[in-house]
Amino acid sequence: MNTLLRIAIQKSGRLQESSLNLLQESGLLFSNGKDQLKTQARNFPVEILFLRDDDIPQYVEDQVADIGIVGENVLVEKQKQNTLVKRLDFARCRLSMAIPRSENYTGLSWFNGKNIATSYPNIVNAFLQKNNLSAGLHEISGSVEIAPGIGLADAICDVVSTGSTLLSNGLKEVEVVMNSEAVIISSPKLNPDKQNILDKLLFRVEAVQKAKNNKYILLNCPNDAIEKITSIIPGMKSPTIIPLGKPGWSSLHSVVDENAFWEKIDQLKSLGAQGILVIPIEKMIL
Ligand code: PRT
Ligand code: ZN
């Protein structure tokens with residue numbers, strides 16, 4: 001039988017859609033029925049398992065799944081035999097300490113002798129130890145943000161994204177314990193066939209990620225500006241330059257980093273670039 005790499009992703013929740021998109025953008029074709037527990041890609045040797053995110057690190061440690069996509073917060077909390085193989089730049093959030101808004105926060109020592117409610121006891125314990133703090137822990141699995149309001153704890157440690165949940169529960173964020181994003185985790189020992197499939201998949205994931213971070217740019221410019229423009233947008237090897245019908249002018253095609261994009265556009269305009277077109281890239285392989 002041919003080897004399959006088993007990938008565990010979240011069955012439903014905040015990671016699910018982006019995880020499925022990533023696999024699809026990497027060219028995998030598979031059916032995704034609502035109540036399916038697993039599915040097999042039609043054109044790539046992988047099987048996809050749909051699980052609760054909290055269970056994924058254990059399944060990967062037990063080699064029921066070979067790799068998985070989870071939040072880094074879950075990876076760190078579960079303390080399983082997992083290797084972080086790739087950061088995925090989605091589901092960004094932070095795990096933070098929050099206390100009632102009415103409290104006067106005096107710094108980390110405020111937590112001494114207090115009770116903290118959290119679903120992340122290992123991470124909070126490590127944070128307390130690192131900062132030489134002694135506080136009680138109250139582990140709860142959901143709706144942590146209501147704990148201070150109902151008298152269950154003095155403070156909480158929970159996942160924060162926009163902060164509006166804290167706000168509407170009368171809490172304020174006072175310490176960031178860790179930042180998190182979705183990551184691919186793997187069992188530390190994959191057999192060579194599985195490792196080979198994982199390497200192929202990672203190659204595709206990187207092409208998708210690079211494409212997202214870059215744009216294809218086309219512009220017209222006077223020939224005497226080509227050299228300076230090339231130094232601003234050198235592209236992957238060098239820009240493509242095609243003469244225009246209008247004498248003394250060229251069309252220049254290149255690739256530009258999304259983050260530096262607006263700053264570069266201003267520089268290009270001041271060098272005489274005109275008719276600038278910016279187009280998304282679907283895949284990018286260097
Ligand atoms: O059912 P299952 O166990 O699989 O899912 P789950 O309910 O445990 O997880 P889920 O789907 O809520 O989150 C999965 C992962 O997404 C988390 O482990 C984080 O890595 C990441 N993530 C990113 C978040 C958030 N953003 C987030 N905002 N996880 C939870 N939240 C919560 C937050 O705690 C708050 O209660 O969403 C609420 C809204 O956040 P604010 O700050 O925008 O108000
Ligand atoms: Zn969960």
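Observations
- GluC sites (Glu not before Pro) within the stretch 122-218, DSSP loop, no more than 16 other Cβ atoms inside 10 Å: E181
- When both the stretch 253-286 and the stretch 74-94 are represented by their alpha-carbon centers, they are found 33 Å apart.
- Among the trypsin sites (Lys or Arg not before Pro) in the stretch 195-244, those located in a DSSP loop and surrounded by at most 16 other Cβ atoms within 10 Å of their own Cβ are K237.
- All lysines inside 24 Å of K130 as judged from Cα atoms, apart from same-chain residues fewer than 8 positions distant: K78, K80, K114, K172
- Estimated inter-spin distance, S238 and E103, nm [label 7 Å along Cα→Cβ]: 6.2 nm
- Cα long-axis angle, helix 121-130 against the chain (0 to 90 degrees, to the nearest 10): 90 degrees
- Using only alpha carbons, the stretch 32-185 has a radius of gyration to Kirkwood radius ratio (Rg to Rh) of 1.05.
- Dipole of the stretch 233-286, positive end: most advanced residue of G248, Q274, M236 [Cβ charges, Cα centre]: G248
- Among the trypsin sites (Lys or Arg not before Pro) in the stretch 1-101, those located in a DSSP loop and surrounded by at most 11 other Cβ atoms within 10 Å of their own Cβ are K34, R42.
- Total charge dipole magnitude, the stretch 127-286, about the Cα centre, Cβ charges on Lys, Arg, Asp, Glu only, Debye to nearest 20: 780 debye
- The chain: calculated mean residue ellipticity at 222 nm from DSSP helix runs of at least 4, using -39500 (n - 2.57): -7500 deg cm²/dmol
- Its Cα centre serving as origin, the stretch 93-180 has a Cβ charge dipole (Lys and Arg +1, Asp and Glu -1) of approximately 120 debye.
- Solvent-accessible area assigned to carbon and sulfur over the stretch 233-280 amounts to 58 percent, based on a 1.4 Å probe.
- Dividing the mean sequence gap of close Cα pairs (under 8 Å, 6+ apart) by how many residues the chain holds gives a relative contact order of 19 percent.
- Rounded to the nearest 20, the Cβ-based charge dipole of the stretch 1-127 about its Cα centre (Lys and Arg +1, Asp and Glu -1) stands at 220 debye.
- Cβ-based charge dipole, the stretch 57-134, positive-most Cα from I67, F127, G113: G113
- Normalised contact order of the stretch 1-134, rounded percent, pairs of Cα under 8 Å and 6 or more residues apart: 23 percent
- Measuring only protein heavy atoms, the 1.4 Å probe finds D89 accessible over about 90 Å².
- Amide hydrogen proximity for K114: with H placed 1.01 Å from N in the peptide plane, the residues at 5 or more positions away or on another chain lying under 5 Å are G136.
- Axis angle, to the nearest 10 degrees, between helix 192-212 and the longest C-alpha principal axis of the chain: 70 degrees.
- Between the Cα long axis of helix 16-25 and the first principal axis of the chain there is an angle of about 30°, rounded to the nearest 10.
The values are calculated or read from the model by the stated rules, or taken from the named source; none is laboratory data. Bear in mind that the values here come from a model prediction, so they are computed numbers and not experimental data. Please note: Cβ atoms are built from the backbone with ideal geometry, for glycine as well, and neighbour counts cover all protein chains shown. Calculation scope for accessible area: heavy atoms of the full protein, side chains included, ligands and nucleic acids excluded. Shrake-Rupley method; radii C 1.70, N 1.55, O 1.52, S 1.80 Å.
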